[in-house]
Amino acid sequence: MALTHQEAQQIVARAKGWLDDLRTVTGPEADLATVTSAVDEYRNKTASVFITSGPSESLREGLRRYGRDGLNELVTDSIRLHLTPDISQPLVQDMLVKVDRYLRVKDIAASSNSIAPFTENLSNLVDETASGMRAGWWVFPTRTRKHLYESCEKIQRRLESDAGVLLGRLSSDCQGLNRFDWKRAQQDLAARPQEFSEVLQQIAPRLLEDESGIAGLSDSQASHAESLVSQTDELLEKVKGTRAIAPDIQEVCYAVDAYLDSWTDGITKGTTSKAYEELSKLYKPAQLRDSTRELLKIGPKSINATSSMRQLIIAADKYRLRMRVAEGLPAKSVADDTLATLRARAAKVKQGLPWLLLSDDEKEDALTASNDLARFLNSDDAAALRSACDDAAKAERLDWDAAEQDMLGSSREIVSVLREAAPEAIADESSVGGLTERMGLYAAKAVEDVDSILGEVKKAKAVEPDPQPVDAAVDAYKREKAKDSVANAPIEVINQGSRQFQLRGLKEAGYTTVGSVLNVSGYVLENIPGMGRGVAYEAKQMARDYAEYQQKSARVQLSLDDTSPAMDGLLAAVATYRAMSSAQKRIGAAGPIINKIAQLRNKVEELKPDLVWVVMTPEDRQDHIDAGKELADYLGGPETEPLWDAVHFALEVGSVDVEQAREDFSHDPVGFVSTLEELVPDAMGGDNGAYGLSDELAEKASAVEFSSVGIKVTLRPYQVWGVKFALAQKRVLLGDEMGLGKTIQALAVMVALHAIGYRKFMVVCPLSVLENWCREIAAKSDLSPVKIYGRDWEDQYRLWQRGYQKVAVTTYETLARLKTDLIDIDFLVVDEAHYAKNPEAKRTKNLMRFVDISDYVLFMTGTALENKAQEMVWLISMLQPEVAEEAAPLVGRPFGDSYRNAIAPVYYRRKREDVLDELPELTENEEWCELSADEIPAYVEALRQSFMSARRVSWNVGDLSKSGKARRLKEIVELAKDDGRKVLIFSYFRQTLTDVAKFLGPDHCIGPINGSIRPQERQRMVDRFEDEPAGTVLVAQIQAGGTGLNIQAASVVILCEPQFKPSIENQAISRAYRMGQTRKVFVHRLLCANTIDERIMKILADKQRIFDTFADRSVAAEQIDQTITKQTMEEIVREELKKYGGEQ
C-alpha cells in the first residue's frame, strides 16, 4: 500500500506506545502485597471497633481473661466475611478494589508472556525504523525513503495480526489500571466471584464464610435479634397504653338520644304550619313530641348519612372497637411476664464484646430466646395483641371517614352495639310509624310521576283521529288508478255529452287522446286552426270533467298484491286512523283505571314523615303504606298497559308505517274495509242503502238498535243490516253467498240478545264444522261454547239445561238424543239449513222440535236452491208458515215480483259482488289438456266400467308423470310458490287426492281432508296450513273441505275435475275467496279436451244460469232438476266410447 509520511509516523508511534504501556507493568507481586495490607487493615480496624464499642466492664473482663494482644488476636481471628456484590462497608470495598486490580495485573502479565517473542521482535523493528525517521526523512533519497515505508508497512501488518490485536488490548488494560473503583470491582466480583475468593483465602484462609460476623455471631442473627427486641419494646408499650382504655355503653346511649331528638325536631319542622296549627288544638307539644319519639325506628346507614347519624355511628363504632380491645388483651401477668422474659434473653444476641465473653450455653440460650421471640411475634396471640392495640388507637382517633369504612365491612357488629344500647329504637331500616325513608322517597316520586302521567293522558285525550288523510289517500289512489285510462282515452269521449265539438282540428294537430289535451296549455289549443279561445277553453274543461268523472267513479280495492305508492299510502292512512281510534277508545274506556290511579295517588301523597302521619291510627298508616305498594303494582301491571300504549301512540307515534300497515291489513282486512267505508262511503262504490231490502223491511230493520259490545270483530255495513233483519223478523233464513260472514252475523245477533238479558243459545250444524263453530264463538265473541257431542254429550246437555251460561253447539245427528221438555231456547242458529230440506227425514223432524221451542231462529245457507225450489219453501215454512203458505202457489212463476215480495220477510240473500266491493279480483281459468297416447287406453277402460270411473279421466293413468292434468297441476303449484301463494286442491274422489298427495310429496302437501277425518283434525290441518310457507298445498275432498272451513291463507284453487252442481264448486272456491282475503284469487279447473269433462262443463253452465236467476234474487225457483240422471250418464258414456272406438 502507498503510505503518506504522516500515516507512516502514526503507525510507528502507535506501536511504540503499545510497547511502552506493556513495559509499565512489572508484575503482580506488588499488587498482591497491596491486597494483603488491605486485608490486615480491615481485620484490625474491625476488631478494634468490636473491642472498644462494648461496655467498660466487658472490656475489663476481656483484658483480664486474655490480655490485650490475646483479646485482639481472638477477635481478629473470629472475624468472618461473606463476599457479595452488595457489600456496603468502605474497608471491604477498598480491599476488593485492590483484589480486582491484582487480578487484572495478573491477567496482563500472563498474556504478555504468551507474546514475548512477538513483542521483542516488534520492539526491535520499531526502534530501528524510529531511528531512521529523523526530521525531514520524507525528502531522503528514494531508496532510503522506500526502505522506511516498507518497514512501516511491516509494522502495520504485525499490529493487525492476532498477536498485534492482543498487544493493543493489553495496552488498553494497562492504561485502565489507573482507573479502578468500587463500581468496576463490583461488576468483576459478580462475574468472577471464585477468583476473588481464591485471592483472599490465599492471604487469610479463615476470613471467608457463608455469612459475615464476629465471634461466632453472624450479622444477620444480630440484626434479626435487635429487630425483634425493638418490636417487642414497641408492642409492650402499646399494650400498656391500651389497658388504660375501658368501653362505656353509656356514650352510645347519649348518641342515640341525641339522634332521636334531632329527628323529632326535623319531623316537627317538616309539618306544614296549617297542619301544625290544627294539631296544636288537639295535642300539647309534649304529647306530639312523645308520640313522635315512640314511632321512630333507627336504621343505621352510612350512605347520605346526616350529621347526627354520623355521630351515632361513630359512637357505636368506638364502643365496638373498645370492646374488641378488651376481649383481645390477655391477663397482664401472662402477656407482660412472658414477653418481657423473652425480650431480656434475646437482647443478649448482639454484636459486641459481651457476646464474645458469654459461655456457649449462654449463647445458645440467647439464640433460643431470640427464636422463641420471633415465633411469638408471628403468632396469633401477638396478632391479637397488635389488633387490640390498633383498635384502641383507631377508636381514639376515629372520625367519620374511618367509621364509614367500618360500616361497609362491620355494619352488623355496629348495629348490634346500637341494639344493645337502645333495643326498642333500632331496626333494619329507618322509619316513622312504619314509613321508611325509601317509602317516602318513592311516594314523592310516585306522586310526581302520576301527576305527569295524568297530564299526558289529558293531552292524549285531546288528540282526535283525523279522517282527512284517509280521504286524501283515497283521492290519490283514485287519481292514480284513473290516470292511465284518462291518458289513453280517445278524444271522442269528450263528445258524449250534449255539447258536441268538431274534433278534426284537434286530431290533425296530434291531440288524439284526452291525456294529450290535458297536458297542453289552453294558449296552444286556441292557436289550432278552427279552435279559437272559447272553444279551446271548453274542450280543455270537458277533458278535465272527463278526468274528474273517471277519478270519482274509480273503485278502491284493497289488496296486498298492489304494491303501488298509492296503495301503500292508503293502507298507511287507514291503519293510522284505526290505531288512533283504537288509542282513543282505550283512553276513553280507561276512566275507572284513571280514577283508581288518582285515588291511590292521593293516599300515597300522605306518605310523609310529619306530625299528620304521627297522629294517624296504625290501621290508617298501614292502609296508606299498602296504597303505595298497590300503586306501584297497578302502574306496572297488565291492566294499565293498554292505556300507556294508547297514550304513547297518540302523543309520540302518531302514524303507522307502510310495513306495519300491510301487516295490520293482512290480520284484519275486514276491519280496514269497514273503516274505509265509514270514512269515505263511496270509496268502494258499494251499495250503502239497505242492501236489497224493501222499503218497508228496511224501515223496520233500521229502527232496531243493538249493542255490539261483546263481539270482537268489526261488522261490515251489510252485516249490520243482516243482524238488524234477524232481530226485527225474529225467524229468518239468511242465504248470503259463501264468504260473506254469516257466522259473524249469527254471533252478533247472539251478543245483541245477550245484552238485553237472553241467555239460552244453541247452534245446530254439520259435524264437519262443529269444531270450527266452537272456535269462532270463543275467538270472535265474549261468549263461551259448550260442545254437546261425543261421549259426555248427556252430562253437558244436562248442565246447559239447568242454566249453564254457555252457547250449546251440537250436530243434526245429536238432536235425536236431546229432549226438549222443560227448556225454552232464546236463539237457535241452524247452519247449512238445507240439510233439513226433506220434511219426511228424521233429521228434519228432530230439528223441528227445537225450532218450535225457540223464540229467535236463524237458518243459514249459501245454497238455498240446491235441487228443487219447493225445498226452499219448506225451509221457510219451518220459520214462518204463513209466509210459506203465501209463497207456495207462486213457485211456478219465479220471475214475478209477487213471489220475491212474498218470501222477502223471511229470506235475505246478498252476493259477494254486491257487497264485497273490496274483494280482490277472482280469475277463473279452464286448463284444457289433451289426452296422451298413455292416457287414452285408461280412459276407454274407465268408460267401460262406469260413468263415475270415467270422471277420473287423466288421474287413472297409473303413473301420474304421464298425466296431463298432473303435470299442469305441478306447474301451477310451482308458479304459486314463486309468487308467494298457497294452494287448495279439491277433488270428488279420494283416490285422486291420495295420488295427488303422493305425487307432490309430504314436504309440500297437507292432507287429504276427507269425510273420515274428524272435525277437530280438519281444523288442525287448516291451522297448520296457515302457518306453513308459500308453495304449501292443502288437499281436500270437495264434499268435506268445500264447506264450513275458512282458508283465506290460500289464493290459488285447483279443481281436479268438474262437479255435478255449480253450488259445490262455488262453495269450494268460497273457502278462499271470502271476506278477509287480501290477495287476488286464481281458480284453475283441470279439464281434458274431447272427454267427459266437456259434457259435464256444458251441463254446469246451464245449471249456473238457473241458479243465478233464482237464488241470487232472493226468490224461489220452479222445480228444475239439477242432477244428472242415470239416463244422461249412460248416454254420455255411449257417445264417448263411440268417439274413441271402444263401443262394444
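The values are calculated or read from the model by the stated rules, or taken from the named source; none is laboratory data. From a predicted model like this one, the values you see are computed outputs, not experimental measurements. FYI the Cβ positions are ideal-geometry reconstructions off the backbone, even for glycines, and counts take in every protein chain you see.
Is one or more of the residues making up segment 214-229 assigned to a helix (DSSP H, G or I) and at pLDDT below 80? Within segment 214-229, one or more residues are assigned to a helix (DSSP H, G or I) and at pLDDT below 80. Of the residues contained in segment 1025-1039, one or more are found to be at negative phi and at pLDDT below 85.
Restricting attention to segment 559-582, and to residues there that are of a type in the set (D, E, K, R) and modelled with pLDDT under 85, which single residue is surrounded by the most Cβ atoms within 10 Å (Cβ to Cβ)? Spell out the reasoning first.
Looking only at segment 559-582, we keep the residues that are of a type in the set (D, E, K, R), and these are 561-562, 568, 578.
Checking the rest, the ones that are also modelled with pLDDT under 85 come to 561-562.
Values: Asp561: 15, Asp562: 17.
Per the criteria, the residue is Asp562.
Please verify whether segment 315-338 includes one or more residues that are more than 30 Å from Arg386 (Cα to Cα) and exposed (fewer than 15 other Cβ atoms within 10 Å of the Cβ). Checked against the condition, which is being more than 30 Å from Arg386 (Cα to Cα) and exposed (fewer than 15 other Cβ atoms within 10 Å of the Cβ), segment 315-338 yields no hits at all. Could you tell me which of the residues Ala487, Ala543, Ala476 is modelled with pLDDT of 85 or more and either part of a helix (DSSP H, G or I) or of a type outside the set (A, V, I, L, M) (or both)? Testing whether each residue is modelled with pLDDT of 85 or more and either part of a helix (DSSP H, G or I) or of a type outside the set (A, V, I, L, M) (or both) leaves just Ala476.
Which one is nearest to Glu73 (Cα to Cα), of the residues in segment 22-33 that are of a type outside the set (Asp, Glu) and exposed (fewer than 14 other Cβ atoms within 10 Å of the Cβ)?
Of all residues in segment 22-33, those of a type outside the set (Asp, Glu) come to 22-28, 30, 32-33.
Right, trim to exposed (fewer than 14 other Cβ atoms within 10 Å of the Cβ) and you get 23-24, 26-27, 30, 33.
Working: Arg23: 41, Thr24: 39, Thr26: 35, Gly27: 33, Ala30: 27, Ala33: 21 Å.
Among those residues, the one meeting the criterion is Ala33.
State yes or no: is Arg179 over 18 Å from Arg14 (Cβ atoms) and either surrounded by 16 or more Cβ atoms within 10 Å (Cβ to Cβ) or in contact (Cβ under 8 Å) with a residue 12 or more places away in the chain (or both)? The answer is no for Arg179. Looking only at segment 182-220, residues that are surrounded by fewer than 18 Cβ atoms within 10 Å (Cβ to Cβ), in contact with a Leu (Cβ under 7 Å, 6 or more places away or on another chain) and of a type in the set (S, T, N, Q) come to 2 in all. Looking at segment 899-939, which of the residues that are in contact with a helix residue (DSSP H, G or I) (Cβ under 6 Å, 6 or more places away or on another chain) and in a helix (DSSP H, G or I) is modelled with the highest pLDDT? Per the criteria, the residue is Ile903. Look at (1) in a loop (DSSP other than H, G, I, E, B); (2) surrounded by 15 or more Cβ atoms within 10 Å (Cβ to Cβ); (3) of a type outside the set (A, V, I, L, M) and you find that Phe859 fails only one, number (1).
Results for (1) out of contact with any helix residue (DSSP H, G or I) (no Cβ under 9 Å at 6 or more places or on another chain); (2) assigned to a helix (DSSP H, G or I); (3) closer than 23 Å to Val614 by Cβ, shown as yes or no for each residue.
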| position | (1), (2), (3) |
| --- | --- |
| Val239 | no, yes, no |
| Ile245 | no, no, no |
| Val252 | no, yes, no |
| Tyr259 | no, yes, yes |
| Trp263 | no, yes, yes |
| Thr268 | no, yes, yes |
| Glu277 | yes, yes, yes |
| Gln287 | yes, yes, yes |
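Do we have any residue at all in segment 503-513 that's surrounded by fewer than 14 Cβ atoms within 10 Å (Cβ to Cβ) and of a type in the set (Asp, Glu)? There is at least one residue in segment 503-513 that is surrounded by fewer than 14 Cβ atoms within 10 Å (Cβ to Cβ) and of a type in the set (Asp, Glu).
Please go through segment 984-1033 and pick out each residue that is of a type in the set (Val, Ile, Thr) and either not in a loop (DSSP other than H, G, I, E, B) or not assigned by TED's automatic domain parsing to the domain that holds Val957 (or both).
To start, the set of residues in segment 984-1033 that are of a type in the set (Val, Ile, Thr) comprises 985, 992, 994, 996, 1006, 1009, 1013, 1022, 1032-1033.
Passing the criteria: Ile985, Thr992, Thr994, Val996, Ile1006, Ile1009, Val1022, Val1033.
Could you say whether any residue in segment 158-166 is assigned by TED's automatic domain parsing to the domain that holds Thr46, polar (S, T, N, Q) and part of a helix (DSSP H, G or I)? Checked segment 158-166: no residue is assigned by TED's automatic domain parsing to the domain that holds Thr46, polar (S, T, N, Q) and part of a helix (DSSP H, G or I). Listed residues Asp475, Asp451, Asp428; which is surrounded by 14 or more Cβ atoms within 10 Å (Cβ to Cβ) and among the charged types (D, E, K, R)? None of the others qualify; the one that does is Asp475. With the requirement that a residue be assigned to a helix (DSSP H, G or I) and modelled with pLDDT of 85 or more, what does segment 185-194 give you? Of everything in segment 185-194, those that are assigned to a helix (DSSP H, G or I) and modelled with pLDDT of 85 or more turn out to be Gln187, Ala190, Ala191, Pro193, Gln194.
Does Gln796 qualify as being in a helix (DSSP H, G or I), modelled with pLDDT under 95 and polar (S, T, N, Q)? Lay out the reasoning, then the answer.
Numbers: in a helix (DSSP H, G or I): yes; modelled with pLDDT under 95: yes; polar (S, T, N, Q): yes.
Taking the combined requirement at face value, the residue satisfies it.
From the list Lys608, Lys629, Lys585, Lys603, exactly one residue is outside any helix (DSSP H, G or I), at pLDDT 80 or above and either loosely packed, with under 15 Cβ neighbours inside 10 Å or not assigned by TED's automatic domain parsing to the domain that holds Leu296 (or both). Which is it? Spell out how you get there, then give the answer.
Working: Lys629 fails: outside any helix (DSSP H, G or I); Lys585 fails: outside any helix (DSSP H, G or I); Lys603 fails: outside any helix (DSSP H, G or I).
Result: Lys608 is the single residue among Lys608, Lys629, Lys585, Lys603 that is outside any helix (DSSP H, G or I), at pLDDT 80 or above and either loosely packed, with under 15 Cβ neighbours inside 10 Å or not assigned by TED's automatic domain parsing to the domain that holds Leu296 (or both).
Exactly one residue out of Ala305, Ala258 is under 21 Å from Arg397 (Cβ atoms) and either more than 55 Å from the chain's Cα centre (by Cα) or in the same structural domain as Met407 (by TED's automatic domain parsing) (or both): that is Ala305. Screening the candidates Leu207, Leu159 for the property of being out of contact with any Asp or Glu (no Cβ under 7 Å at 6 or more places or on another chain) and under 20 Å from Pro90 (Cα atoms) yields one hit, Leu207. Every condition in (1) within 20 Å of Ser694 (Cα to Cα); (2) at pLDDT 80 or above; (3) in contact with a helix residue (DSSP H, G or I) (Cβ under 8 Å, 6 or more places away or on another chain) is met by Leu890 except one, and the failing one is (2). Flag not set for Pro85, criterion: over 60 Å from the mean Cα position of the chain (by Cα), within 30 Å of Arg23 (Cβ to Cβ), surrounded by fewer than 20 Cβ atoms within 10 Å (Cβ to Cβ) and of a type outside the set (Asp, Glu). Just checking, which of Arg375, Arg343 is of a type in the set (Lys, Arg), within 12 Å of Leu228 (Cα to Cα) and surrounded by 18 or more Cβ atoms within 10 Å (Cβ to Cβ)? Within the list Arg375, Arg343, the selection yields Arg343.
I'd like the full set of residues that are among the small types (Gly, Ala, Ser), surrounded by fewer than 19 Cβ atoms within 10 Å (Cβ to Cβ) and within 21 Å of Arg479 (Cβ to Cβ), limited to segment 527-558.
The initial filter retains those residues of segment 527-558 that are among the small types (Gly, Ala, Ser), namely 530, 532, 534, 536, 539, 543, 547, 553-554.
Among the residues that remain, those that are also surrounded by fewer than 19 Cβ atoms within 10 Å (Cβ to Cβ) are: 530, 532, 534, 553.
Correct list: Ser553 only.
Scan segment 776-808 for residues that are charged (D, E, K, R), buried (at least 16 other Cβ atoms within 10 Å of the Cβ) and either in contact (Cβ under 8 Å) with a residue 60 or more places away in the chain or touching a Phe, Trp or Tyr at 6+ places or on another chain (Cβ under 7 Å) (or both) and the total you get is 2.
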